[in-house]
1. For A:K54, which aspartates and glutamates qualify as cross-link partners when the Cα separation must be under 14 Å and same-chain residues fewer than eight apart are set aside?
2. Could you list which residues have their amide H under 5 Å from that of B:I162, counting only those 5 or more apart in sequence or on another chain, with H placed in the peptide plane?
3. Against the longest principal axis of chain A, how steep is helix A:35-62, in degrees 0 to 90 to the nearest 10, with axes from Cα atoms?
4. What whole-number distance in Å separates the alpha-carbon centres of the range B:136-214 and the range A:60-105?
5. Are there trypsin sites (Lys or Arg not before Pro) in the range B:39-138 that DSSP marks as loop and that have at most 14 other Cβ atoms within 10 Å, and which are they?
6. Step by step: find N for the range A:29-201, compute 2.2 N^0.38 Å, then divide the Cα radius of gyration by it. What's the final number?
7. For chain A, what relative contact order do you get, as a whole percent, if you take Cα pairs closer than 8 Å and at least 6 residues apart?
8. What is the distance, in nm, between label points placed 7 Å from the Cα along the Cα-to-Cβ direction at A:K74 and at B:K317?
Amino acid sequence: MKKYFFPVAVLIVIVFGVGLFLQKHVWKPAPAICSDDVRGYEEAVQSSLTASGKNLQEVAVKFGGSASKTYIDKLSELHPTDLLALKACDTQCKLLERCLNQNPKAAVAQACPKEYADYKSRVDAAIQLEQKIKEYEGATQTAVDKADTLSKAKQQLAEVQSGNGASGGREEVLKQHVAAAQEDLAAQVNAADALAKEIVGSP
Amino acid sequence: MWRTRVWLASLSLFIGLTASLLSGAAIAGAGRVPAKGIAPSPCIGPRNSDADLDAIINEVFVSKPRELLTQKIISQEFFDGIRDAQYEICDDRVLDVVTYRRKPPLVVFDSFFMTLLGGESQSLVLGQYLAQDHPKLGTLELHTALMRYVLAQNLNKATPSIQFPQLVQQLVGEPTDVQKYLNVPKANGEIENFVLTSFYFVIFHEFCHVHNGDPDRRLQIAKMSSAAAQEAALVQLEENADACAMDIMNRDEAQYKFSPISFICAFMVTSTQAVLEKVLPPQRGSATHPAPQERLDKAYQTSIAYIQAQPDGARYKASIDGVYQHFADLLPK
């Protein structure tokens, strides 16, 4: 027996090594049914929140007035995974995957009907949240456009004030423009804040 | 100048100041800025596209200084200071002309302001002819009616636009053939003269600001600690520009036959400002122009001083007094 011991040990080591190699480089586990989707929502939301954050910074530089920003500020402190709809989606996805691991051969709807239905409803909520955050991003982009309008009106006013006018009519109209643009921007920031409230407050 | 005639014929008297809340490469040599030649555009509304108005302004803005230099009415130094100035005409309804502190200097005209001056010129001349056929009318009543209409348009935006013949008809109280008067060559010539002279005053008032370095002075004035001192200094700049423009016009006028037209035009511009005073909200502690009455008084005193030095002074004093009283009466009380 002794004479077979060494070749067998070598064979075992080789098989083990090949196994490890295959596991690392060739074998791929079955794709998770929903984790990629969840990550997709998270990434989309993160991207919109980042863009919105940049927009709001640009607006803050040009906006001298006051507007409600309570929920904008709250939202800026949140990570996508802090948002309830995404968190619930992620949890439900894990429950579904665990169930499927126990019933790997059956179709999803038959193997885990309740988990699957719950997961689907969480996905709907996540999609709605994603849309709402896209809307929020759009609102912050509109605020940037309005901030640009305000900025241009202020520049025009400053230039007229440093020039010599015959009647003061141009200056007066530009003052009205600046006031209107300021008001318009404040309303837009308020609208974005209302959207942020819906997002932050969404269960 | 046929362009003036064409332009006057097309005047629609809606000269209301806007109340709607809306919302480079410098080219050497005086003249209008090319359509895409300036950034940012000084216009609040669209750029004016009336070629006739542009031609009239161009005549005074570009050709007149050269003519005055040749006649030694302005100095080479004055000419050099304004030779590169540019202008732009905007449809802004701000009833204003502003000289921007740019290099080269940029003068921005509001077409509504220039239209108002055109309408006033027409009404002042036409009013005299109208009074001959309608003895109950005073010679200046058409001008008064025009200014009241403009005021009403500005105070109530729903007031409709009006054509000149309609205004005349309203005043006379019966259908009146305005064209009959406008076809009289003498009347036409007088209207053109009035228009050009009023543009002359407005444009040279702005040239005087440029020559005096007023845009730079304003920066110094802005640093003054006292608001009262600031106001006084800004008002002084305007008075100096008024006096400078009138001085040039009178030296120009004196070489031909001296007449008080420059003063009448100065009154016309100041009365326009008076209308604005009524329309615009009060400017809180930022008066940059003399009060209308004060400005009228200054113009009157300057004109009397010039006239008294002239051989026909006594003859013109009565006209100046009458016109002065008329414009003073137009001032909002």
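1. Candidates past the 8-residue exclusion: A:D73, A:E77, A:E137, A:D145.
2. It is B:L13, B:F14, by chain and number.
3. Orientation of helix A:35-62: about 20 degrees from the principal axis.
4. 67 Å
5. Values: sites: B:R47, B:R66, B:K72, B:R83, B:R93, B:R101, B:R102, B:K136; in loops: B:K72, B:R83, B:R93, B:R101, B:R102, B:K136.
Answer in residue order: B:K72, B:K136.
6. Numbers: Rg = 23.5 Å, N = 173, 2.2 N^0.38 = 15.6 Å.
Computed over Cα atoms of the range A:29-201, the ratio equals 1.51.
7. Working: 164 pairs, mean separation 64.1, N = 203.
In percent, rounded to a whole number, it is 32.
8. Going from the A:K74 label point to the B:K317 one covers 8.1 nm.
None of the figures in this text is laboratory data; all of them are computed from the coordinates on show. On a predicted model such as this, the values are computed, not experimentally measured, just so you know. In this analysis, Cβ positions are derived from the backbone assuming ideal geometry, glycine residues included, and neighbour counts consider all displayed protein chains.
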